[in-house]
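The values are calculated or read from the model by the stated rules, or taken from the named source; none is laboratory data. In this text, all values refer to a predicted model and were calculated from it rather than measured experimentally. We place every Cβ from the backbone using ideal geometry, glycine too, and count neighbours over all the protein chains shown.
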Amino acid sequence: MRAVVEGRLPNTSESFGRHIDRCLGCRACEQVCPAGVQYGQLLEASRHELLRAQPKHDLTHKLLRFALQHIWTSPARLSAAFAGSRILRDSGLVRALLKSGVAKLFSARAHFALALLHSSRAQVKAVGSRPQQTFSEKSDRFSASVMLFEGCVGEGLFARVNNATKRVLQANGFSVSTPATQVCCGALHAHAGDLEGARKLAQQNIEAFGLSDTPIVTNAGGCGAMLASYGHLLHDDEATRFSARVKDVGQQLETKELVHGASLDQACTTYDTSCHLLYGQHAGEASLRMLQAIPGLNFKSLEGAERCCGGAGIYNLLEPDLSEKVLGEKLQNIEATGATLLATGNPGCQMQIGAGACLHGMSLEVCHPVELLDESYQRAGLYKKEN
(Lines give C-alpha, C1' and ligand atoms only; values in the text may rest on other atoms or scores of the structure.)
Protein backbone atom coordinates (compact mmCIF):
# COMPACT_ATOMS: atom_id res chain seq x y z
CA MET A 1 0.00 0.00 0.00
CA ARG A 2 2.72 2.45 1.00
CA ALA A 3 4.76 1.62 -2.09
CA VAL A 4 1.80 2.48 -4.34
CA VAL A 5 1.06 5.72 -2.48
CA GLU A 6 4.73 6.75 -2.64
CA GLY A 7 4.97 5.90 -6.34
CA ARG A 8 7.52 3.12 -5.87
CA LEU A 9 5.06 0.53 -7.18
CA PRO A 10 2.46 1.10 -9.92
CA ASN A 11 -1.17 0.50 -9.01
CA THR A 12 -1.29 -1.86 -11.99
CA SER A 13 1.32 -4.13 -10.39
CA GLU A 14 0.40 -7.81 -10.21
CA SER A 15 1.97 -7.97 -6.74
CA PHE A 16 -0.26 -5.15 -5.47
CA GLY A 17 -3.38 -6.79 -6.87
CA ARG A 18 -2.53 -10.23 -5.56
CA HIS A 19 -1.84 -9.10 -1.99
CA ILE A 20 -4.94 -6.90 -1.76
CA ASP A 21 -7.21 -9.55 -3.30
CA ARG A 22 -6.00 -12.31 -0.99
CA CYS A 23 -6.43 -10.42 2.28
CA LEU A 24 -9.48 -11.60 4.24
CA GLY A 25 -10.01 -8.16 5.74
CA CYS A 26 -10.70 -9.72 9.14
CA ARG A 27 -8.93 -6.80 10.88
CA ALA A 28 -7.30 -9.03 13.49
CA CYS A 29 -4.01 -7.28 12.74
CA GLU A 30 -5.44 -4.03 14.16
CA GLN A 31 -5.53 -5.55 17.63
CA VAL A 32 -1.77 -6.18 17.73
CA CYS A 33 -0.56 -3.14 15.78
CA PRO A 34 1.51 -0.98 18.18
CA ALA A 35 0.81 2.10 16.06
CA GLY A 36 -2.96 1.54 16.07
CA VAL A 37 -3.22 1.53 12.28
CA GLN A 38 -6.83 1.14 11.07
CA TYR A 39 -5.96 -1.46 8.46
CA GLY A 40 -9.57 -2.18 7.47
CA GLN A 41 -9.99 1.38 6.21
CA LEU A 42 -6.69 1.22 4.31
CA LEU A 43 -7.72 -2.09 2.73
CA GLU A 44 -11.00 -0.68 1.44
CA ALA A 45 -9.19 2.34 0.00
CA SER A 46 -6.69 0.01 -1.67
CA ARG A 47 -9.48 -2.08 -3.17
CA HIS A 48 -11.06 1.10 -4.48
CA GLU A 49 -7.76 1.95 -6.16
CA LEU A 50 -7.42 -1.59 -7.44
CA LEU A 51 -10.93 -1.56 -8.91
CA ARG A 52 -10.02 1.59 -10.84
CA ALA A 53 -6.60 0.39 -12.01
CA GLN A 54 -7.16 -3.33 -12.49
CA PRO A 55 -10.86 -4.04 -13.17
CA LYS A 56 -11.57 -7.77 -13.36
CA HIS A 57 -13.37 -8.99 -16.45
CA ASP A 58 -14.19 -12.59 -15.49
CA LEU A 59 -17.84 -13.61 -15.13
CA THR A 60 -17.80 -13.69 -11.31
CA HIS A 61 -16.58 -10.11 -10.97
CA LYS A 62 -18.90 -8.87 -13.72
CA LEU A 63 -21.90 -10.41 -11.96
CA LEU A 64 -20.73 -8.95 -8.67
CA ARG A 65 -20.43 -5.42 -10.05
CA PHE A 66 -23.83 -5.71 -11.74
CA ALA A 67 -25.48 -6.89 -8.51
CA LEU A 68 -23.91 -4.17 -6.37
CA GLN A 69 -24.65 -1.37 -8.84
CA HIS A 70 -28.10 -2.36 -10.09
CA ILE A 71 -29.70 -4.60 -7.44
CA TRP A 72 -28.24 -3.71 -4.02
CA THR A 73 -28.84 0.01 -4.63
CA SER A 74 -32.54 -0.54 -5.44
CA PRO A 75 -34.69 -1.63 -2.47
CA ALA A 76 -37.42 -2.92 -4.81
CA ARG A 77 -35.06 -5.03 -6.91
CA LEU A 78 -33.22 -6.28 -3.85
CA SER A 79 -36.47 -7.27 -2.16
CA ALA A 80 -37.54 -9.17 -5.28
CA ALA A 81 -34.17 -10.93 -5.49
CA PHE A 82 -34.36 -12.08 -1.88
CA ALA A 83 -37.98 -13.16 -2.30
CA GLY A 84 -36.92 -15.39 -5.18
CA SER A 85 -34.00 -16.73 -3.13
CA ARG A 86 -36.32 -17.63 -0.25
CA ILE A 87 -38.66 -19.47 -2.62
CA LEU A 88 -35.76 -21.52 -3.98
CA ARG A 89 -34.46 -22.22 -0.48
CA ASP A 90 -37.77 -23.12 1.14
CA SER A 91 -39.11 -25.17 -1.77
CA GLY A 92 -36.45 -27.83 -1.28
CA LEU A 93 -34.99 -27.23 -4.73
CA VAL A 94 -31.67 -26.01 -3.35
CA ARG A 95 -31.38 -29.07 -1.11
CA ALA A 96 -32.13 -31.33 -4.08
CA LEU A 97 -29.51 -29.61 -6.24
CA LEU A 98 -26.92 -29.98 -3.49
CA LYS A 99 -27.65 -33.67 -3.03
CA SER A 100 -27.52 -34.34 -6.76
CA GLY A 101 -24.29 -32.40 -7.25
CA VAL A 102 -25.56 -31.07 -10.58
CA ALA A 103 -24.40 -27.49 -9.90
CA LYS A 104 -20.90 -28.70 -9.10
CA LEU A 105 -20.61 -30.12 -12.64
CA PHE A 106 -20.90 -26.57 -13.97
CA SER A 107 -19.12 -24.57 -11.28
CA ALA A 108 -17.71 -25.27 -7.83
CA ARG A 109 -18.55 -21.66 -6.91
CA ALA A 110 -22.18 -22.16 -7.90
CA HIS A 111 -22.33 -25.33 -5.81
CA PHE A 112 -20.95 -23.49 -2.77
CA ALA A 113 -23.29 -20.54 -3.38
CA LEU A 114 -26.23 -22.94 -3.18
CA ALA A 115 -24.85 -24.32 0.08
CA LEU A 116 -24.65 -20.76 1.42
CA LEU A 117 -28.29 -20.15 0.55
CA HIS A 118 -29.32 -23.50 2.03
CA SER A 119 -27.56 -22.67 5.30
CA SER A 120 -29.58 -19.45 5.72
CA ARG A 121 -32.69 -21.45 6.62
CA ALA A 122 -33.89 -21.77 10.22
CA GLN A 123 -31.71 -24.59 11.52
CA VAL A 124 -32.88 -24.74 15.12
CA LYS A 125 -36.40 -26.11 14.75
CA ALA A 126 -37.70 -24.96 18.14
CA VAL A 127 -36.72 -21.39 17.29
CA GLY A 128 -37.81 -21.28 13.69
CA SER A 129 -41.22 -22.96 14.12
CA ARG A 130 -42.62 -20.60 16.76
CA PRO A 131 -45.25 -18.00 15.69
CA GLN A 132 -44.05 -14.41 15.74
CA GLN A 133 -45.08 -12.31 18.71
CA THR A 134 -44.03 -8.88 19.95
CA PHE A 135 -45.10 -6.60 22.76
CA SER A 136 -47.47 -3.70 22.29
CA GLU A 137 -45.58 -0.45 21.73
CA LYS A 138 -47.82 1.07 24.42
CA SER A 139 -46.51 -1.34 27.04
CA ASP A 140 -45.45 0.24 30.32
CA ARG A 141 -42.53 -2.20 30.48
CA PHE A 142 -40.41 0.03 28.23
CA SER A 143 -37.96 2.44 29.88
CA ALA A 144 -35.78 3.25 26.86
CA SER A 145 -35.96 3.32 23.07
CA VAL A 146 -33.74 1.87 20.34
CA MET A 147 -33.84 1.75 16.54
CA LEU A 148 -33.15 -1.55 14.80
CA PHE A 149 -30.98 -1.77 11.71
CA GLU A 150 -32.44 -4.77 9.90
CA GLY A 151 -29.86 -5.18 7.12
CA CYS A 152 -30.44 -6.35 3.56
CA VAL A 153 -29.34 -9.96 4.00
CA GLY A 154 -30.67 -9.82 7.56
CA GLU A 155 -34.22 -8.97 6.50
CA GLY A 156 -34.02 -10.82 3.18
CA LEU A 157 -32.86 -14.21 4.49
CA PHE A 158 -32.75 -13.91 8.30
CA ALA A 159 -35.95 -12.05 9.21
CA ARG A 160 -36.42 -14.53 12.06
CA VAL A 161 -33.24 -13.14 13.69
CA ASN A 162 -34.57 -9.58 13.41
CA ASN A 163 -37.86 -10.69 14.99
CA ALA A 164 -36.01 -12.48 17.79
CA THR A 165 -33.89 -9.37 18.35
CA LYS A 166 -37.01 -7.19 18.70
CA ARG A 167 -38.59 -9.58 21.23
CA VAL A 168 -35.42 -9.92 23.32
CA LEU A 169 -34.90 -6.15 23.41
CA GLN A 170 -38.54 -5.61 24.38
CA ALA A 171 -38.32 -8.23 27.10
CA ASN A 172 -35.41 -6.24 28.53
CA GLY A 173 -37.34 -2.96 28.57
CA PHE A 174 -36.50 -1.41 25.20
CA SER A 175 -39.08 -0.03 22.79
CA VAL A 176 -37.98 -0.91 19.25
CA SER A 177 -38.62 1.03 16.04
CA THR A 178 -37.46 0.15 12.53
CA PRO A 179 -37.09 3.07 10.06
CA ALA A 180 -38.84 2.11 6.83
CA THR A 181 -36.40 3.90 4.50
CA GLN A 182 -33.21 2.21 5.75
CA VAL A 183 -31.12 0.45 3.10
CA CYS A 184 -28.11 -1.85 2.82
CA CYS A 185 -25.22 -0.77 5.08
CA GLY A 186 -22.78 -0.67 2.16
CA ALA A 187 -20.31 -3.21 3.54
CA LEU A 188 -20.33 -5.37 0.41
CA HIS A 189 -19.67 -2.30 -1.73
CA ALA A 190 -16.78 -1.20 0.48
CA HIS A 191 -15.26 -4.71 0.55
CA ALA A 192 -15.43 -4.79 -3.25
CA GLY A 193 -13.78 -1.37 -3.59
CA ASP A 194 -16.93 0.54 -4.58
CA LEU A 195 -16.59 3.31 -2.02
CA GLU A 196 -18.87 5.67 -3.93
CA GLY A 197 -21.67 3.11 -3.78
CA ALA A 198 -21.03 2.63 -0.06
CA ARG A 199 -21.17 6.41 0.52
CA LYS A 200 -24.52 6.74 -1.23
CA LEU A 201 -26.01 4.00 0.93
CA ALA A 202 -24.49 5.54 4.05
CA GLN A 203 -26.12 8.89 3.32
CA GLN A 204 -29.50 7.20 2.87
CA ASN A 205 -29.19 5.40 6.21
CA ILE A 206 -28.15 8.54 8.05
CA GLU A 207 -31.26 10.29 6.69
CA ALA A 208 -33.45 7.29 7.56
CA PHE A 209 -32.33 7.13 11.21
CA GLY A 210 -32.35 10.89 11.76
CA LEU A 211 -30.31 13.04 14.12
CA SER A 212 -31.54 11.82 17.52
CA ASP A 213 -29.36 10.19 20.18
CA THR A 214 -31.41 6.98 20.11
CA PRO A 215 -29.11 3.92 19.88
CA ILE A 216 -29.00 2.09 16.56
CA VAL A 217 -28.93 -1.65 17.25
CA THR A 218 -27.62 -4.30 14.86
CA ASN A 219 -27.47 -8.08 15.08
CA ALA A 220 -24.90 -8.51 12.30
CA GLY A 221 -21.21 -8.00 13.01
CA GLY A 222 -20.44 -7.02 9.42
CA CYS A 223 -23.22 -4.44 9.24
CA GLY A 224 -22.36 -3.04 12.64
CA ALA A 225 -18.70 -2.56 11.78
CA MET A 226 -19.68 -0.78 8.56
CA LEU A 227 -22.22 1.49 10.27
CA ALA A 228 -19.63 2.32 12.91
CA SER A 229 -17.21 3.45 10.19
CA TYR A 230 -19.55 5.96 8.50
CA GLY A 231 -17.69 8.80 10.19
CA HIS A 232 -14.49 7.80 8.43
CA LEU A 233 -16.28 6.98 5.17
CA LEU A 234 -18.02 10.36 4.84
CA HIS A 235 -15.69 12.57 6.91
CA ASP A 236 -18.39 14.76 8.43
CA ASP A 237 -19.79 15.41 11.89
CA GLU A 238 -23.25 14.05 11.13
CA ALA A 239 -21.85 10.69 10.04
CA THR A 240 -19.56 10.62 13.09
CA ARG A 241 -22.54 11.16 15.41
CA PHE A 242 -24.42 8.42 13.59
CA SER A 243 -21.54 5.97 14.06
CA ALA A 244 -21.35 6.76 17.77
CA ARG A 245 -24.95 5.56 18.17
CA VAL A 246 -24.31 2.08 16.72
CA LYS A 247 -24.35 -0.91 19.09
CA ASP A 248 -24.56 -4.64 18.62
CA VAL A 249 -27.60 -6.18 20.30
CA GLY A 250 -25.30 -7.76 22.89
CA GLN A 251 -23.80 -4.37 23.73
CA GLN A 252 -27.23 -2.78 24.06
CA LEU A 253 -28.46 -5.52 26.37
CA GLU A 254 -25.45 -4.90 28.63
CA THR A 255 -26.68 -1.39 29.38
CA LYS A 256 -29.21 -2.99 31.74
CA GLU A 257 -29.28 -6.06 33.93
CA LEU A 258 -29.91 -8.81 31.39
CA VAL A 259 -33.11 -10.81 31.99
CA HIS A 260 -32.44 -14.55 32.28
CA GLY A 261 -34.70 -17.09 30.63
CA ALA A 262 -35.40 -20.80 31.06
CA SER A 263 -33.26 -23.82 30.31
CA LEU A 264 -33.32 -25.06 26.71
CA ASP A 265 -32.10 -28.61 27.25
CA GLN A 266 -30.16 -28.17 24.02
CA ALA A 267 -27.36 -30.41 22.81
CA CYS A 268 -23.75 -29.29 23.25
CA THR A 269 -23.38 -25.68 22.10
CA THR A 270 -20.34 -23.61 21.11
CA TYR A 271 -19.78 -20.02 19.98
CA ASP A 272 -17.74 -18.54 17.13
CA THR A 273 -16.98 -14.82 17.15
CA SER A 274 -17.60 -12.78 14.02
CA CYS A 275 -14.36 -10.98 13.07
CA HIS A 276 -16.11 -7.68 12.44
CA LEU A 277 -18.10 -8.01 15.65
CA LEU A 278 -14.88 -8.61 17.59
CA TYR A 279 -12.40 -6.34 15.79
CA GLY A 280 -14.75 -3.81 14.20
CA GLN A 281 -17.28 -3.31 17.00
CA HIS A 282 -15.25 -4.73 19.90
CA ALA A 283 -18.35 -6.59 21.07
CA GLY A 284 -17.47 -10.28 20.81
CA GLU A 285 -17.77 -10.89 24.54
CA ALA A 286 -21.09 -9.03 24.74
CA SER A 287 -22.59 -11.46 22.24
CA LEU A 288 -21.22 -14.41 24.20
CA ARG A 289 -22.85 -13.10 27.38
CA MET A 290 -26.27 -13.50 25.77
CA LEU A 291 -25.66 -17.24 25.88
CA GLN A 292 -24.62 -17.00 29.51
CA ALA A 293 -28.13 -15.70 30.31
CA ILE A 294 -29.53 -19.14 29.43
CA PRO A 295 -29.54 -21.32 32.55
CA GLY A 296 -27.77 -24.67 32.33
CA LEU A 297 -26.62 -24.29 28.74
CA ASN A 298 -24.32 -27.16 27.78
CA PHE A 299 -21.51 -24.96 26.47
CA LYS A 300 -18.04 -25.78 25.14
CA SER A 301 -15.45 -23.13 24.27
CA LEU A 302 -14.19 -23.15 20.70
CA GLU A 303 -10.45 -22.99 20.04
CA GLY A 304 -9.70 -20.26 17.51
CA ALA A 305 -13.12 -18.65 17.93
CA GLU A 306 -11.44 -15.30 17.34
CA ARG A 307 -10.08 -16.36 13.94
CA CYS A 308 -11.86 -15.82 10.61
CA CYS A 309 -14.10 -18.54 9.17
CA GLY A 310 -13.17 -17.59 5.60
CA GLY A 311 -16.48 -15.97 4.67
CA ALA A 312 -15.24 -12.37 4.84
CA GLY A 313 -18.11 -10.77 2.94
CA ILE A 314 -17.84 -12.17 -0.58
CA TYR A 315 -14.28 -13.48 -0.21
CA ASN A 316 -15.61 -17.06 -0.22
CA LEU A 317 -16.84 -16.59 -3.80
CA LEU A 318 -13.94 -14.48 -5.08
CA GLU A 319 -11.11 -16.50 -3.49
CA PRO A 320 -12.71 -19.93 -3.01
CA ASP A 321 -9.52 -21.96 -2.60
CA LEU A 322 -8.07 -19.83 0.20
CA SER A 323 -11.48 -19.46 1.80
CA GLU A 324 -11.88 -23.24 1.86
CA LYS A 325 -8.57 -23.68 3.67
CA VAL A 326 -9.50 -21.17 6.34
CA LEU A 327 -12.95 -22.76 6.72
CA GLY A 328 -11.41 -26.23 6.98
CA GLU A 329 -9.47 -25.24 10.10
CA LYS A 330 -12.60 -23.74 11.63
CA LEU A 331 -14.63 -26.91 11.00
CA GLN A 332 -11.90 -29.08 12.55
CA ASN A 333 -11.97 -26.96 15.71
CA ILE A 334 -15.76 -27.16 15.85
CA GLU A 335 -15.67 -30.95 15.53
CA ALA A 336 -13.15 -31.10 18.37
CA THR A 337 -15.67 -29.51 20.76
CA GLY A 338 -18.25 -32.22 20.11
CA ALA A 339 -20.86 -29.49 19.68
CA THR A 340 -23.86 -30.01 17.44
CA LEU A 341 -25.07 -26.40 17.75
CA LEU A 342 -22.99 -23.30 16.98
CA ALA A 343 -24.00 -19.71 17.66
CA THR A 344 -22.41 -16.79 15.82
CA GLY A 345 -23.31 -13.11 15.58
CA ASN A 346 -23.18 -12.47 11.84
CA PRO A 347 -25.29 -13.87 8.97
CA GLY A 348 -22.26 -14.19 6.68
CA CYS A 349 -20.45 -16.33 9.26
CA GLN A 350 -23.59 -18.39 9.83
CA MET A 351 -23.90 -19.11 6.11
CA GLN A 352 -20.18 -19.83 5.67
CA ILE A 353 -19.94 -22.28 8.56
CA GLY A 354 -23.34 -23.77 7.81
CA ALA A 355 -22.39 -24.34 4.16
CA GLY A 356 -19.10 -25.94 5.14
CA ALA A 357 -20.80 -28.22 7.64
CA CYS A 358 -23.39 -29.22 5.03
CA LEU A 359 -20.83 -30.05 2.35
CA HIS A 360 -18.64 -31.96 4.82
CA GLY A 361 -21.52 -34.03 6.16
CA MET A 362 -21.28 -32.62 9.69
CA SER A 363 -24.21 -32.80 12.09
CA LEU A 364 -24.18 -29.12 13.02
CA GLU A 365 -26.90 -26.51 13.39
CA VAL A 366 -25.93 -22.82 13.22
CA CYS A 367 -27.89 -19.87 14.62
CA HIS A 368 -27.53 -16.40 16.12
CA PRO A 369 -27.05 -16.17 19.93
CA VAL A 370 -30.14 -13.97 20.17
CA GLU A 371 -32.23 -16.78 18.66
CA LEU A 372 -31.30 -19.05 21.55
CA LEU A 373 -31.96 -16.34 24.13
CA ASP A 374 -35.30 -15.64 22.43
CA GLU A 375 -36.29 -19.29 22.71
CA SER A 376 -35.17 -19.30 26.34
CA TYR A 377 -37.46 -16.33 27.03
CA GLN A 378 -40.32 -18.05 25.23
CA ARG A 379 -39.97 -21.12 27.44
CA ALA A 380 -39.78 -18.89 30.51
CA GLY A 381 -43.18 -17.41 29.61
CA LEU A 382 -41.90 -13.87 29.04
CA TYR A 383 -43.89 -13.43 25.84
CA LYS A 384 -47.43 -13.82 27.15
CA LYS A 385 -49.95 -11.68 25.30
CA GLU A 386 -50.85 -8.38 26.89
CA ASN A 387 -54.40 -7.05 27.17
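Determine which member of the set V37, V32, V102, V94 is outside the structural domain of C309 (by TED's automatic domain parsing), touching a His at 6+ places or on another chain (Cβ under 6 Å) and among the hydrophobic types (A, V, I, L, M, F, W, C).
Working: V37 fails: touching a His at 6+ places or on another chain (Cβ under 6 Å); V32 fails: touching a His at 6+ places or on another chain (Cβ under 6 Å); V102 fails: touching a His at 6+ places or on another chain (Cβ under 6 Å).
Among V37, V32, V102, V94, only V94 is outside the structural domain of C309 (by TED's automatic domain parsing), touching a His at 6+ places or on another chain (Cβ under 6 Å) and among the hydrophobic types (A, V, I, L, M, F, W, C).
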How many residues does region 340-373 hold that are surrounded by 23 or more Cβ atoms within 10 Å (Cβ to Cβ), part of a loop (DSSP other than H, G, I, E, B) and either out of contact with any His (no Cβ under 7 Å at 6 or more places or on another chain) or not assigned by TED's automatic domain parsing to the domain that holds T269 (or both)?
1
Restricting to region 210-232, count the residues that are buried (at least 21 other Cβ atoms within 10 Å of the Cβ) and either hydrophobic (A, V, I, L, M, F, W, C) or part of a helix (DSSP H, G or I) (or both).
12
Hey, among A239, A244, which residue is over 27 Å from A343 (Cβ atoms) and touching a helix residue (DSSP H, G or I) at 6+ places or on another chain (Cβ under 6 Å)?
A239
Can you tell me which residue within region 118-149, out of those that are crowded, with 19+ Cβ neighbours inside 10 Å and out of contact with any Gly (no Cβ under 9 Å at 6 or more places or on another chain), is modelled with the lowest pLDDT?
V127
State which residue is farthest from M351 (Cα to Cα) when the search covers only region 155-179 and only residues that are crowded, with 24+ Cβ neighbours inside 10 Å and within 12 Å of the chain's Cα centre (by Cα).
V161
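Out of N298, N333, report the one residue that is in contact with a strand residue (DSSP E or B) (Cβ under 7 Å, 6 or more places away or on another chain) and surrounded by fewer than 21 Cβ atoms within 10 Å (Cβ to Cβ). Talk me through it step by step, then tell me what you get.
Numbers: N333 fails: in contact with a strand residue (DSSP E or B) (Cβ under 7 Å, 6 or more places away or on another chain).
Going through N298, N333 in turn, the sole match is N298.
Grab the helices (runs of 4 or more DSSP H) fully contained in region 10-102, keeping just those with 1 or more residues being more than 21 Å from the chain's Cα centre (by Cα) and closer than 19 Å to R199 by Cβ. Please lay out each step first, then the result.
Working: elements: 14-22, 29-32, 39-53, 59-66, 75-91, 93-100.
The helices (runs of 4 or more DSSP H) meeting that bar are 39-53.
Conditions (1) outside any loop (DSSP other than H, G, I, E, B); (2) hydroxyl-bearing (S, T, Y); (3) under 15 Å from H368 (Cα atoms), marked per residue:
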site: Q266; (1), (2), (3): no, no, yes
site: L277; (1), (2), (3): yes, no, yes
site: S287; (1), (2), (3): yes, yes, yes
site: M290; (1), (2), (3): yes, no, yes
site: G296; (1), (2), (3): no, no, no
site: L302; (1), (2), (3): no, no, no
Across region 72-98, the tally of residues that are among the β-branched types (V, I, T), buried (at least 17 other Cβ atoms within 10 Å of the Cβ) and without any contact (Cβ under 8 Å) to a residue 60 or more places away in the chain stands at 1
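Before we move on, is S376 part of a helix (DSSP H, G or I) and crowded, with 24+ Cβ neighbours inside 10 Å?
Values: part of a helix (DSSP H, G or I): yes; crowded, with 24+ Cβ neighbours inside 10 Å: yes.
Criteria met by S376.
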